Amino acid sequence: MKKSEEEVLSWLGEKRCRAVVEHLQRRQFTAVYCATRQEAVDYVLEQTREAVSVGFGGSYTIAGLGVEQKLAEQGKRILNHGHPDLTPEEKLRVRNAELTCDLFLASSNAVTMDGILVNIDGVGNRCAAMTCGPKKVVLVIGRNKIVDGTIQDAIDRVKNIASPPNAMRLDKKTPCAETGRCMDCQSPDRICCVTTILERKPRTSDFHVVMLNDDIGF
Ligand code: SF4
């Protein structure tokens, strides 16, 4: 029987996500495949069971899963520097607290087919918290962030696919927020200042990566 477009995309997404999971496991990450957003939410909530404080890396993917509200209702201490009512001083305090939280939740900007994670930050707090500090790190990565190619291809994806919409939503005064393309700007608002490339699980981290067979985040 002829398959629908959605079924074909889901089939392809599963193949690609599972291939990335295998490579991530070879790189010592705890990596799992989730077929649906609900499965990803369940996995995240299971991982947060022991955590008292949960830090958020400002991820559109994590926001899209709607876990913050659930965790707040469970009485977790929520550390999210992205809340709009915070003063700059409070934002800084929360960012610093995120670096030593029990569990840090974020996404990655890109993952290569062979399991290398590439992230680019303006401030660098998300990149830092991913590599050292929190007791546990959980990343949820949508299939749309898988890159066929090299680390440079992954960096190009971040600069041209992830950063422009992120700059736009954060109301940054950068050329990409106008044109939708990276112009390698000199803007004070530049959101591409710190690049991290995770080739292996950071040695002391309990690091989980969820590969989600869905298009989510930028
Ligand atoms: S224009 Fe600037 S902020 Fe935008 S993607 Fe390029 S370097 Fe990053």
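Among residues that are buried (at least 20 other Cβ atoms within 10 Å of the Cβ), of a type in the set (Gly, Ala, Ser), within 16 Å of the ligand (Cβ to nearest atom) and closer than 27 Å to Pro134 by Cα, Ala177 is not included. Go through the range 185-218 and give me each residue that's in contact (Cβ under 8 Å) with a residue 24 or more places away in the chain, exposed (fewer than 13 other Cβ atoms within 10 Å of the Cβ) and more than 21 Å from Cys17 (Cα to Cα). Hits for the range 185-218 are Cys193, Thr204.
Of all the criteria given as (1) among the hydrophobic types (A, V, I, L, M, F, W, C); (2) without any contact (Cβ under 8 Å) to a residue 60 or more places away in the chain; (3) outside any strand (DSSP E or B), the one not satisfied by Val123 is (2).
Taking the numbered list (1) in contact (Cβ under 8 Å) with a residue 40 or more places away in the chain; (2) on the phi > 0 side of the Ramachandran plot in turn, Asp114 passes all entries but (2). Taking every residue in the range 6-31 that is farther than 22 Å from Thr204 by Cα and pairing it with any residue that is surrounded by fewer than 16 Cβ atoms within 10 Å (Cβ to Cβ) and modelled with pLDDT under 95, at least 6 positions away or on another chain, the pairs with Cβ-Cβ distances below 8 Å are Trp11/Lys3. Can Ala63 be described as over 21 Å from Ile116 (Cα atoms) and either among the β-branched types (Val, Ile, Thr) or surrounded by 15 or more Cβ atoms within 10 Å (Cβ to Cβ) (or both)? Answer is yes for this residue. Whether a residue is under 28 Å from Arg49 (Cα atoms) and assigned to a helix (DSSP H, G or I) was assessed, and Ala129 passes this test. Of all residues in the range 180-209, those satisfying the criterion of being of a type in the set (Val, Ile, Thr) and away from the ligand (no atom under 16 Å from the Cβ) are Ile197, Thr204, Val209.
Note on the range 116-145: among residues that are β-branched (Val, Ile, Thr) and surrounded by fewer than 20 Cβ atoms within 10 Å (Cβ to Cβ), the one that is nearest to Leu99 (Cα to Cα) is Thr131. Of all residues in the range 98-116, those satisfying the criterion of being outside any strand (DSSP E or B) and under 21 Å from Cys193 (Cα atoms) are Glu98, Leu99, Ser107, Ser108, Asn109, Ile116. The single condition from (1) part of a helix (DSSP H, G or I); (2) within 16 Å of the ligand (Cβ to nearest atom); (3) at pLDDT 95 or above that Ala72 fails is (2). Scanning the range 161-171 for residues that are near the ligand (Cβ under 8 Å from one of its atoms) and without any contact (Cβ under 8 Å) to a residue 24 or more places away in the chain turns up just one, Pro164.
The values are calculated or read from the model by the stated rules, or taken from the named source; none is laboratory data. Just so you know, these numbers come straight off a predicted model, no measurement behind them. Note that we place each Cβ from the backbone using ideal geometry, even for glycine, and neighbour counts take in every protein chain shown.
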